[in-house]
């Protein structure tokens, strides 16, 4: 029998809701079947924790006296995007320090702010009648600034490709170091725990959905950049490669650096590990089947990153059960696999969110807008104007 969001939330408020993590739901569906699981379970919690370069934070510092209209600004020597308004800036996670290079970047500024550390602010402006100050240098932290919220254009990829390297030289990439001659293969997904893989057709996850973001409550703001739902899928709707993405927003001041961590990739640059968890209401048997997905049911494609982007063809398809075993076969070669995301933290996120819901601190929310189920991506060509 189908359930509504309000019926599920009423059970949450009364402390009667049955909440399982996606791992637990997979086991229940396996042992008792979809129909039984749909009747027993109200909410399934998911989680993922991996590098999400398309992340950043908006900050508002408040006005100085005399005031300044910032046109250029730096936080701990990391250039940030000013020229938004007088004292608003956007800190991009992958920006790097002008003094330290990739040893410190925007992701580190974000983590330091979450941890309550003091950050050196330096800014310049043109000087105007209403904003006469041309330069300022001071110190700020999350308690001295007005607003600080994460706004991440592309998070929680719905599946992602596995990377390997057939060339004779190591490649230094956002997927980590890819060793020569198929020396390794890296992947980045929580598989059966991952949010969008438990709602592959975006029935319950959409604009306005309340989520766990970096240890605090956040929301889905919009389909993420590079949202590409028109990909090959299994009969159950699970994509066989990169598909949907989410733009997420949440209050940085409430976040926990256990779930937001700065990272450096050797000879590549800076990224931000972001923790995302989404509760999925089990509205009916279809949602029970979706949330019962296992790593054996989820496949991704292995790509050779030594090939030009547009010339890349999948080397093979592989299940997450195979990837997590630590070894896959490419041709006749046994290739070691390793995740660049953390399944351990993804599990912690799902368990933490389960606790919040069981305690009545977090309810499920119906999306106010659906994510597109159709659409692909354009590529950037070098062309003459108008051609």
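Values in this text are rule-based calculations from the coordinates and carry no lab data. Quick caveat, the model's predicted, so the values are computed rather than measured. Don't worry about glycine lacking a Cβ; one is built from the backbone with ideal geometry, like all the others, and counts go over all protein chains shown.
Points to keep in mind about this one:
- The chain: angle of helix 343-358 to the longest principal axis, Cα-based, in degrees nearest 10: 90 degrees
- Shape call, the stretch 95-212: gyration tensor on alpha carbons, a/c limit 1.5: oblate
- Rounded to the nearest 0.05, the FRET efficiency derived from the C-beta distance between residue 309 and residue 72 at R0 = 22 Å is 0.10.
- The order of 26, 234, 46, 173, going from fewest to most other C-beta atoms within 10 Å of their C-beta, is 234, 173, 26, 46.
- Contact order relative to length of the stretch 62-145, as percent, for alpha carbon pairs under 8 angstrom and 6 or more apart: 32 percent
- Potential lengthening between residue 234 and residue 253 on full extension [0.36 nm per residue; Cα-Cα distance subtracted]: 2.8 nm
- In percent, rounded to a whole number, the relative contact order of the chain is 24, using alpha-carbon pairs under 8 Å and six or more apart.
- Simple spin-label estimate for residue 103 and residue 135 gives 2.6 nm between the two label positions (7 Å along the Cα-to-Cβ direction from each Cα).
- Most fluctuating residue given options 360, 191, 56, as computed from a GNM of the chain linking Cα atoms under 10 Å: 360
- Each stretch of four or more DSSP H residues adds -39500 (n - 2.57); spread over every residue of the chain, this sum gives -4500 deg cm²/dmol at 222 nm.
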